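This report refers to the structure that appears directly beneath it.
Rule-based calculations on the coordinates, nothing more; no lab input. Only a predicted model underlies this, so the values are computations on that prediction, with no experimental measurement involved. Glycine gets a Cβ as well: all are built from the backbone with ideal geometry, and neighbour counts include every protein chain shown.
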Amino acid sequence: MNLQNYEQARQYALNRLEKELSPNLLYHGLAHTRDEVVPAAEMLAGMEGICGEPLYLLRTAAWLHDIGFIEQSVNHEKIGARIAAEVLPGFGFSDQEVKVVRNAIMATMLPQAPTTLLEKIMADADLAILGRPNFMPRNDDLRQELAYFGKEFTDMEWYSRQLSFIETHAYFTESARELLDAQKLINITELKQTLMTHTP
């Protein structure tokens, strides 16, 4: 595969995400893919020495990782992997390349269990927000999105749940730990303080 194959896949993903994602996806909207996950995947790939064809495959997976949300939120990773299998051969991707992309998309499914380096980078990129300064407002976006889809939580439930998730989470790549762990600890402290203010 080459840059042209990748560009066709990227444009396909961008068009569908722009036109078909629900506006109620306050967290998993286009910005999550375009402004958070794709740049994080590219940065981690650079730090991990990934270049050439593997980088194009990773970037393709990053663009497609949440495309399943155009159909439904439940099992969106499996839907994304299916869409990748349907469309990528038409953009010049080989069966093996499609498999790599599909596996990278599936590596974002919780609980994450990536096996290859590309899958580990993809998994870390998808949860890079845990180690970013804007974690709390984006966490609020996720809560509002879930509420729209019928999953509502009390403040106590929500912050306890998020604290448990972030405290038990660990990045898979050395690069992600180096880049994101310090801010993640700050975010954990902020979550704890927020939880204390909502404890009866």
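Here the relative contact order of the chain, from alpha carbon pairs under 8 Å that lie six or more residues apart, stands at 22 percent.
Ordering 4, 105, 172 by the projection of their Cα atoms onto the charge dipole of the range 3-197, which places +1 on the Cβ of Lys and Arg and -1 on the Cβ of Asp and Glu, puts 105 at the extreme positive end. As a size descriptor, the averaged projected area of the C-alpha convex hull of the range 113-174 was calculated at 5.0 nm².
Longest stretch of the chain clear of exposed loop sites (GluC sites (Glu not before Pro), DSSP loop, at most 14 other Cβ atoms within 10 Å, sites excluded): 72-151. Along the range 166-174 the Karplus relation, 6.51 cos²θ - 1.76 cosθ + 1.60 evaluated at θ = phi - 60°, assigns HN-Hα couplings of 6, 6, 8, 7, 9, 5, 8, 9, 4 Hz to successive residues, with x for each Gly and Pro. Positive end of the dipole of the range 71-139 (Cβ unit charges, origin at the Cα centre): among 128, 75, 88, the Cα lying farthest that way belongs to 128. For the range 70-78, 3J(HN,Hα) computed residue by residue from phi via the Karplus equation (6.51, -1.76, 1.60; θ = phi - 60°) reads 5, 9, 6, 7, 6, 6, 4, 5, 5 Hz, glycine and proline entered as x.
Calculated from the structure at hand, Cα Rg over 2.2 N^0.38 Å is found among (i) 1.03; (ii) 1.13; (iii) 0.99 as (i).
Dipole magnitude for the chain: about 160 debye, using +1 per Lys or Arg Cβ and -1 per Asp or Glu Cβ, origin at the Cα centre. Between residue 27 and 145, the built amide H atoms are under 5 Å apart, and every one of these is 5 or more places off in sequence or on another chain. Adding -39500 (n - 2.57) for every DSSP H run of four residues or longer, then dividing by how many residues the chain holds, sets the calculated 222 nm ellipticity at -20500 deg cm²/dmol.
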